Amino acid sequence: MDTRAYRLECLKESDVYEIDFPEVMQMKDTLLEAAMASINDLSALTLSSKSLTRVAADIRDKDWFKKLEESGFKPEKSTVWILEGIIYYLPHSQAMGVLKTIADNCRITQTVLLADFMNKQSTALSASNYHFYSDWPDHLLPSLGFADVKLSQIGDPDADYGLFHDPHNLFNKVRGLPRSIQIHPDDGTPCRRLYLVQAFGSPNQSISRTDSS
Ligand SMILES: C[S@@+](CC[C@H](N)C(=O)[O-])C[C@H]1O[C@@H](n2cnc3c(N)ncnc32)[C@H](O)[C@@H]1O
């Protein structure tokens with residue numbers, strides 16, 4: 001349901017593809033049309049990106065990438081993939097399938113992945129909703145084909161947004177602890193973390209094949 005393509009000037013030379021379920025696409029169209037009809041400033045809903053293509057697909061299915069290509073996506077063009085608020089809802093094998101498909105693109109062109117990963121303790125918040133996790137996305141992604149992974153935790157200087165100065169904030173409570181620690185030594189609570197990941201790959205990289213977790 002994101003509206004980056006309408007909001008971000010920096011996308012003016014980028015072709016944007018959005019993948020979602022058909023019914024969500026339909027609802028988004030309806031909402032955007034209603035918004036357009038109700039505001040006087042029509043320029044507010046002008047595309048900022050060079051183009052926007054909506055692709056109705058379920059990324060749990062094996063054919064999602066084919067559908068993306070059939071919609072005009074060119075794998076040989078430099079690509080930024082954004083998996084935001086989605087990967088942990090997928091079963092492990094399907095999440096790994098999506099990540100592997102994206103990582104395989106590193107062999108074709110400059111590729112950047114921006115994604116958020118829950119650690120294992122976070123998925124326990126809702127066993128019925130959250131499935132995929134990684135305590136070490138910075139090991140997992142290089143094992144799939146990314147050469148370089150930058151990882152932040154919510155509250156870190158580059159993922160702070162001025163909102164995390166309260167020392168009692170739950171994210172701040174675990175940020176200073178080694179990432180291997182699962183239970184907080186002070187009060188025995190689970191160390192729930194959300195990792196924000198930037199992963200980079202290109203055809204010229206040397207691929208590290210470390211173990212995944
Ligand atoms: C929590 S939202 C985040 C969306 C986006 N990052 C944003 O900021 O608006 C998750 C989105 O993923 C879509 N989604 C969930 N599972 C999906 C799947 N298997 N295939 C395609 N889209 C899916 C949902 O319909 C929803 O629009």
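Numbers below:
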quantity: Residue within the range 86-101 that is under 19 Å from A5 (Cβ atoms) and not hydroxyl-bearing (S, T, Y) present; calculated: yes
quantity: Test for A95: is it within 15 Å of the ligand (Cβ to nearest atom), open to solvent by less than 30 Å² (accessible area, probe 1.4 Å), in the same structural domain as A199 (by TED's automatic domain parsing) and among the aliphatic types (A, V, I, L, M); calculated: yes
quantity: Given (1) among the acidic types (D, E); (2) open to solvent by 30 Å² or more (accessible area, probe 1.4 Å); (3) touching a Phe, Trp or Tyr at 6+ places or on another chain (Cβ under 9 Å), number of the condition E70 does not satisfy; calculated: (3)
quantity: Scan of the range 45-83 for residues that are part of a helix (DSSP H, G or I), touching a residue at least 24 places away in the same chain (Cβ under 8 Å) and away from the ligand (no atom under 15 Å from the Cβ), ordered by number; calculated: L45
quantity: Matching residues, the range 134-148, being among the aliphatic types (A, V, I, L, M) and open to solvent by less than 30 Å² (accessible area, probe 1.4 Å); calculated: L140, L141, L144
quantity: Enumeration of residues in the range 11-57 that are exposed (fewer than 10 other Cβ atoms within 10 Å of the Cβ) and closer than 21 Å to F73 by Cα; calculated: E13
quantity: Hits in the range 152-198 - residues which are under 21 Å from the mean Cα position of the chain (by Cα), charged (D, E, K, R) and loosely packed, with under 11 Cβ neighbours inside 10 Å; calculated: D158
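The values are calculated or read from the model by the stated rules, or taken from the named source; none is laboratory data. Nothing here was measured: the structure is a model prediction, and the numbers come from that model. As a convention, Cβ positions derive from the backbone with ideal geometry for all residues, glycine included, and neighbour counts pool all protein chains shown. Keep in mind that these areas ignore ligands, DNA and RNA; they rest on the heavy atoms of the full protein, side chains included. Shrake-Rupley method; radii C 1.70, N 1.55, O 1.52, S 1.80 Å.
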